[in-house]
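None of the figures in this text is laboratory data; all of them are computed from the coordinates on show. Fair warning: this is a prediction, and the values are worked out from it, not measured in the lab. So basically every Cβ, Gly included, is an ideal-geometry build from the backbone, and we count neighbours across all protein chains shown.
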Amino acid sequence: MTVEPAATRLRHQVPLVAWLVLVWMLLWGTWSWANLLSGLLVALTVLTLLPLPHVVGGARVRPLPLLVFLGHFVVDLFASGAEVAWQAVRPGGVHRTAIVQVQLRADSDLILTMVAEATSLVPGSLVLDLDREQRVMTLHLLPVRDHDEVERKKAHVLVVERRLVQAFGSAADLAALDGHRRDEVPAS
Amino acid sequence: MSTVSEVVAFACLLAGAALCLTAGLGLVRFPDVLSRMHAGTKPQVLGVLLVMVGAAIRLDGWANAWMLLLVAAFQLLTAPVSAHLISRVAYRRRHVRRDLLLVDEYGGRGHQDERYRGDEPGDAPPERPGRGSAG
């Protein structure tokens, strides 16, 4: 890790401190100045004792696309929950499964993490591996009936990625969604 | 507390409990580790969320609701991570029912696991020994 100026360091730590204070307040459940101050103290202690590397290229939120993503996410959560639950109780046992790889386009730690989290929860898929260098995500798909369905689910992962990039991504990430990047490695 | 919110809370709690039950059923009935992890993430997370919503309606007071919100948020954040780690280890240890796979795009890219057949014990010998070691 490189040594960075104190101002940048501080700016990167502020969201973390805010998040920790928020968690502390939610745990106590009531608002009071004592809670706020003790939360600040705890957050600063935690960040001093257990420093985290800061996340590169985050901290950009567009409210409307975020709402679009959250809306689809909740709907998908119900749909996939119901689907897997049906697979578990249906008399015939599970359908076949598949392991597929998806070439993602966003080049940001934060967005790749969010895509991996979201796809684990949502469209009948589970992240097996994520190659950060080449942005290739390996997924296990549970209910697949035929090859068309495999392709549909792979396409859906890219749709989830697009929604997330539109909500959180930088301009470069947005551009990468449409044009292929120079350094993209073709599947071999 | 009105009757409508009672009914909604009741429905949420019941549906959440039923989903958690199917998650447990899935753990028993699904054929391999990777499939079981599906049962451990999706219906279970949705079930917990519904139980939290039901409880938040049923319990008075914001203090409880905030705590339940926190539980839900951490459930959403942590369930995929643990499922990912377990399934990754399961794949490395070759606890995969390959006969059930319709497509496997992971094996072919010089990955060490390509030399192993399928659902074998973890210390089974590789199919094509001699090309490097797995360790």
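As a length-normalised measure over Cα pairs under 8 Å and 6 or more apart, the relative contact order of the range A:63-178 settles at 36 percent.
Neighbour counts of other Cβ atoms within 10 Å put A:157, A:42 in the fewest-to-most order A:42, A:157. Taking other C-beta atoms within 10 Å as the exposure proxy, A:174, A:141, A:50 rank A:50, A:174, A:141 from fewest upward.
Qualifying trypsin sites (Lys or Arg not before Pro) in the range A:24-122, where qualification requires a DSSP coil assignment and no more than 15 other C-beta atoms within 10 Å, comprise A:60. One decimal place: the segment residue A:49-residue A:37 gains 2.5 nm when fully extended, by the rule 0.36 nm per residue minus the C-alpha distance. Placing unit charges on the Cβ atoms only, positive for Lys and Arg and negative for Asp and Glu, gives the range A:92-181 a dipole magnitude near 200 debye about its Cα centre.
In this rough spin-label picture, where each label sits 7 Å from Cα along the Cβ direction, the residue A:109-residue A:62 distance is 2.4 nm. Modelled this way, with points 7 Å down the Cα-to-C-beta line, the labels at residue A:18 and residue A:175 are 2.8 nm from one another.
Using a simple spin-label model with pseudo-atoms 7 Å out from Cα toward Cβ, residue A:133 and residue B:63 lie 5.4 nm apart.
From other protein chains only, count the Cβ atoms within 10 Å of every residue's Cβ in A:142-149, then give the mean. Mean inter-chain Cβ contacts per residue within 10 Å come to 2. Averaged over the residues of peptide B:10-22, the number of Cβ atoms from other protein chains lying within 10 Å of each residue's Cβ is 2. Shown here for the range A:108-180: GluC sites (Glu not before Pro) in loop regions (DSSP other than H, G, I, E, B) with at most 11 other Cβ atoms within 10 Å, namely A:133.
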